[in-house]
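The values are calculated or read from the model by the stated rules, or taken from the named source; none is laboratory data. It should be emphasised that the depicted structure is a prediction, and the values quoted were computed from it without experimental measurement. Cβ placement follows ideal geometry from the backbone for every residue including glycine, while neighbour counts extend to all protein chains displayed. Accessible surface areas use protein heavy atoms only, side chains included; no ligands, DNA or RNA. Shrake-Rupley method; radii C 1.70, N 1.55, O 1.52, S 1.80 Å.
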Number of protein chains: 2
Amino acid sequence: MKTLQVIPAICCGPDTPVLDSEDAERLATQFRALADPTRVGIVNRLAAAAEVCVCDLTAAFDLSQPTISHHLRILREAGLVEVTKRGTWSYYRLLPEAVEPLRLALGASS
Amino acid sequence: MKTLQVIPAICCGPDTPVLDSEDAERLATQFRALADPTRVGIVNRLAAAAEVCVCDLTAAFDLSQPTISHHLRILREAGLVEVTKRGTWSYYRLLPEAVEPLRLALGASS
DNA sequence: GCATTATATTGACATACATCGATGAAGACT
DNA sequence: AGTCTTCATCGATGTATGTCAATATAATGC
């Protein structure tokens, strides 16, 4: 898998490869998914448990149920979270393997 | 300095402290600064050199000079970059110490 | 002083986004 | 079948954002 380092290590010389526009687009979309305080809060809660029911999220944030649903859709479409339906309930969970590339893009050493 | 881990390590239990709204707001603002492909590209270029002249950026992206200036302002106000004026030229440089907290928020181990 | 060059700011416009109330879809329970 | 609960989608509305042309600012050189 290609490693996208938006911020390469300090070492790199002047011939560091330039990010192509497709990569920049994809990264921007994923950062945009985190560019809202409610979604940061949702991700924070998802990270604290194996999975979280939508009902817990609508209870935790002082926003309408459609609004929470809207934010979850954005996180889903960015590929950062995954949903599993069991009966009437929907359980969301964070996808660590989707977050990892963002860390790498910010210059994580590995 | 308080460490903000939006995504704590895998270990954490159900009583993981919840992100307060002020922290969520600040993180969202910084992620929003990275939520545009042009700005991702700018940051990428800034990371590849000690400092970059605005003129190089306006040449590199197929956008008007005011638009580049606008994006640089957003990165500046998010505290991710810094500008130094020398004569007629403005040189921008990335602030690694500002990017680091974002990496930590995404669950970097240290 | 005047022309030129490098950036920033302003104003306008079109598009994207966050939010809500209303409604829809599907499972659970009686 | 009918009702209740859970969640998603739709439609509307106000605000934020990306973009550019025009203009302002400020340094350089003649």
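For the interface of chains A and B, what total accessible area is buried with a 1.4 Å probe, rounded to the nearest 100 Å²?
About 2700 Å² of accessible surface is lost on pairing.
Count, for each residue of B:24-31, the Cβ atoms from other chains sitting within 10 Å of its Cβ, then give me the mean as a whole number.
The mean count of partner-chain Cβ atoms within 10 Å per residue comes to 6.
List the distances, in nm and shortest first, from the label point of residue A:73 to the matching label points in every other copy, placing each point 7 Å from Cα along the Cα-to-Cβ direction.
Listed shortest first, these distances are 3.3 nm.
Between Rg and the Kirkwood Rh of region B:21-103, both from Cα atoms, what is the Rg to Rh ratio?
A ratio of 0.97.
Over region A:21-105, with every protein chain in place, what whole percent of the accessible area is carbon and sulfur at 1.4 Å, could you tell me?
49
How many angstrom separate the Cα center of region A:23-37 from the Cα center of region A:48-110?
Distance between centres, Cα-based: 14 Å.
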